[in-house]
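**Student:** I'd like to ask you about the structure that follows.
No lab work stands behind these numbers, since they all come straight from the coordinates. Predicted model, so just to flag it, every value in this text is computed and none were measured. Here the Cβ positions follow ideal geometry from the backbone for every residue, glycine too, while neighbour counts run over all protein chains shown.
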Amino acid sequence: MIRRPLVIALATAMGLSALMPATASAEDLLQTYELARDSDPQLSASESSRLAVKEGAVQTRAAMLPQIDGSASINRSENHNRGNLAVGSDGSISGGNSQIDTTTRSREVRLSQMIYDRGNFTRHKSQKALSEASDFQLAAAGNDLITRTSAGYFNVLIPLESLVAAEAAETALK
């Protein structure tokens with residue numbers, strides 16, 4: 001039995017043009033499923049969605065961990081004062097230039113730990129439930145891919161086998 005037309009017909013029937021690399025040659029249903037799994041957009045979307053939802057659970061857990069924060073700053077200012085020269089009654093000269101440089105440094109480190117915040121615990125619990133639900137959605141997408149692949153495979157295989165049987169019957173009648 002010729003397998004290459006089976007794969008081409010299967011890919012056409014399923015509407016998965018990405019199923020066929022340049023040299024597609026699936027020998028059986030398992031290889032056809034593996035080809036479909038590598039290129040199925042619905043399964044890829046489910047996997048990406050699952051990863052995003054799982055990251056939400058990680059983020060809510062992070063809000064309950066110790067938080068450390070720090071800052072540092074340096075401020076520098078220069079003040080140039082150019083005073084007026086004044087001549088006193090005794091003939092003395094006063095005034096002149098003065099320069100003031102100021103540097104201020106500050107450092108701060110803060111450490112905080114949440115003791116109990118019902119909102120954080122509730123958000124974390126709901127994110128864990130959503131994470132578990134995304135696992136089930138991914139499994140459902142995988143099962144749907146199996147169903148679509150096998151239906152497409154057998155929908156193409158049955159007419160091909162019928163054609164082979166008809167050709168054999170025609171040959172036998174000749």
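**Student:** Provide the per-residue ³J(HN,Hα) series for the range 100-109, in order, calculated from phi with Karplus coefficients 6.51, -1.76, 1.60 and θ = phi - 60°, each as a whole number of Hz, with x at glycine and proline positions.
**Tutor:** Ordered by residue, 3J(HN,Hα) equals 10, 10, 10, 10, 10, 10, 9, 9, 8, 10 Hz.
**Student:** Within 10 Å, Cβ to Cβ, of residue 101, how many net charges do the neighbouring residues add up to if Lys/Arg are +1 and Asp/Glu are -1? Intermediate values should be presented prior to the final figure.
**Tutor:** On the way: positive: 76; negative: 78.
Here the count lands on 0.
**Student:** Take the Cα atoms of the range 108-174, build their convex hull, and give its volume per residue in Å³.
**Tutor:** On the way: hull volume 7.5 nm³, N = 67.
Spelled out: Cα convex hull of the range 108-174, divided by residues, is 112 Å³.
**Student:** Something else now. Counting Lys and Arg as +1 and Asp and Glu as -1, what is the net charge of the other residues whose Cβ lies under 15 Å from the Cβ of residue 145? Please report the intermediate quantities before stating the final value.
**Tutor:** Values: positive: 37, 50, 148; negative: 34, 38, 40, 47, 144.
Neighbour charge sum, excluding residue 145 itself: -2.
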